[in-house]
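Undergrad: Here it is, the structure in full.
The values are calculated or read from the model by the stated rules, or taken from the named source; none is laboratory data. Keep in mind that what you see is a predicted model, and the values were worked out from it rather than measured. Glycine gets a Cβ as well: all are built from the backbone with ideal geometry, and neighbour counts include every protein chain shown.
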Amino acid sequence: MKNSVINTKRPVDRRSFMKSGILAGGAAAVGAGLLTNGTSARAQERGRLNEGDIAILRFLAAAELIESDLWTQYAELGGIGNNQPIEVNPTPTPPLNNYQVALSNLDTDGPQYITSNTLDEVSHANFLNAYLESRGAEPVNLSQFATLPGSTAQGSSLKPRLTNLMHLNVDTSWFVRYRSTTNPDLGASFPQAITLNNVTAIPRNDADFNGAANSNFQGNEHIQAIANVAAFHFGMIEQGGSSLYAAMSQKVTDPEVLQITLGIGGDEIAHFLEWVDFAGNGVQQPVAPFKDPISGLSFPDFFNNPPLKPATLVQPSLIFPVPCEFISPDLPHVAIIRPLTDRFAGAVAAVASLTADGLFTGQSKLFLNTLQGLAERADAAIRLAF
Ligand SMILES: [Fe+2]
Ligand SMILES: [Fe+2]
């Protein structure tokens with residue numbers, strides 16, 4: 001979606017489109033119910049999944065619980081509000097808080113997308129755990145680790161969290177990687193598009209909605225900077241999910257498990273695409289350039305003042321993956337998801353990336369060890385003859 005400031009008229013009314021989508025979804029759900037019954041019968045015939053497939057699904061369930069936790073925090077403060085069903089309330093409930101306004105400046109449908117992404121993650125986690133149980137395997141429960149204090153800003157449920165969105169080191173190199181013709185799986189590395197260290201992606205308290213406590217700052221740059229951090233973080237999380245599912249898909253054995261990893265993985269890519277556009281809108285007019293005088297964060301206009309050369313490496317409107325080298329430098333460039341190998345896209349790599357992100361700041365050693373154990377078992381899986 002092209003960005004525009006809030007309150008501008010929408011070029012397209014997507015409500016009718018969404019309604020037809022929901023009807024189609026309803027029909028699909030009826031079919032899926034029948035399929036589920038058939039699947040359980042087949043599962044009983046086939047018995048238990050092999051250990052590799054179980055390890056992959058269990059790590060993915062853990063990753064989805066983590067995604068659900070972080071996205072719920074975004075949705076409570078920046079989504080369309082109060083767990084409204086998506087088909088009933090496709091726009092935020094007024095009055096908007098300034099975080100919703102700032103997110104809407106990046107895309108007028110931003111709050112809807114945040115709520116939708118959250119519902120998707122919860123559905124991924126619920127499905128994976130239910131599927132594990134349906135195949136006689138143990139589901140994953142991380143609720144004992146939901147102990148971190150979250151935002152105290154109005155809108156927050158104040159419940160204890162699994163993840164921490166208030167001290168992030170957002171890796172923004174994905175923004176460059178997907179505009180580059182080189183590939184991490186073939187040895188390439190990428191600089192940061194913008195440096196975001198120890199920053200918050202959500203309003204931590206009510207003061208963050210405007211300026212900060214004891215500040216005379218009256219502008220909106222502070223909350224816009226927080227929304228912009230969130231935008232780059234959304235992309236970082238969802239590109240990681242896209243690569244992770246692609247890496248795991250190469251290792252699963254059971255065709256039904258492959259259906260799951262391809263199906264959910266495709267949804268991660270769908271999310272990623274929106275957030276590529278969303279983040280790009282934070283670094284071009286009319287939002288950028290601007291500076292938050294409280295945090296000191298600056299967001300340049302990447303069109304007129306690109307932080308890297310050549311400028312195409314950060315061009316905000318290049319939202320699809322630019323063709324890059326793949327398999328061998330001798331082959332023609334091709335537009336793909338990347339990375340795809342265990343080394344950069346596998347489960348252990350995902351845990352390292354989320355940890356470096358600061359998402360687990362304040363978490364216990366036991367939590368990190370539990371996650372690492374799940375990741376190592378998933379990466380150890382290999383495709384067997386089925
Ligand atoms: Fe997910
Ligand atoms: Fe995701």
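Undergrad: So which residues in region 107-140 are hydrophobic (A, V, I, L, M, F, W, C), in contact with a helix residue (DSSP H, G or I) (Cβ under 8 Å, 6 or more places away or on another chain) and farther than 18 Å from ASN281 by Cβ, if there are any at all?
TA: Across region 107-140, the qualifying residues are VAL122, ALA125, PHE127, LEU128, LEU132, ALA137, VAL140.
Undergrad: For region 118-147, enumerate the residues that are hydrophobic (A, V, I, L, M, F, W, C), in a helix (DSSP H, G or I) and within 14 Å of ligand 1 (Cβ to nearest atom).
TA: Scanning region 118-147 gives LEU119, VAL122, ALA125, PHE127, LEU128.
Undergrad: Restricting attention to region 232-247, which residues are more than 20 Å from SER116 (Cα to Cα) and within 12 Å of ligand 1 (Cβ to nearest atom)?
TA: Taking region 232-247 first, the residues more than 20 Å from SER116 (Cα to Cα) are 243-244, 246-247.
Residue satisfying the conditions is LEU244 alone.
Undergrad: Just for region 305-334: of the residues that are of a type in the set (A, V, I, L, M) and either surrounded by 16 or more Cβ atoms within 10 Å (Cβ to Cβ) or assigned to a loop (DSSP other than H, G, I, E, B) (or both), which one is nearest to the chain's Cα centre (by Cα)?
TA: ILE319
Undergrad: Among the residues of region 264-275, are any more than 16 Å from ligand 2 (Cβ to nearest atom), modelled with pLDDT of 95 or more and outside any loop (DSSP other than H, G, I, E, B)? Spell out the reasoning first.
TA: Initially, region 264-275 is screened for residues more than 16 Å from ligand 2 (Cβ to nearest atom), giving none.
No: zero hits.
Undergrad: Would you check which residues across region 349-386 are buried (at least 18 other Cβ atoms within 10 Å of the Cβ) and of a type in the set (A, V, I, L, M) and list them?
TA: If the condition is that a residue be buried (at least 18 other Cβ atoms within 10 Å of the Cβ) and of a type in the set (A, V, I, L, M), then ALA349, ALA350, VAL351, LEU354, LEU359, LEU371, LEU374, ALA375, ALA378, ALA381 are the ones that fit.
Undergrad: Turning to a different aspect of this structure: So VAL351 passes all but one of these: (1) touching a residue at least 24 places away in the same chain (Cβ under 8 Å); (2) out of contact with any helix residue (DSSP H, G or I) (no Cβ under 6 Å at 6 or more places or on another chain); (3) among the β-branched types (Val, Ile, Thr); (4) under 25 Å from LEU70 (Cα atoms). Which condition number does it fail?
TA: It fails just one condition, (2).
Undergrad: Could you list, ordered by first residue, the pairs with Cβ atoms under 6 Å in which the first is in region 59-73 and over 20 Å from SER249 (Cα atoms) and within 10 Å of ligand 1 (Cβ to nearest atom) and the second is assigned to a helix (DSSP H, G or I) and not aliphatic (A, V, I, L, M), at least 6 apart or interchain?
TA: SER68/GLU121; TRP71/ASN117; TRP71/THR118; TRP71/GLU121
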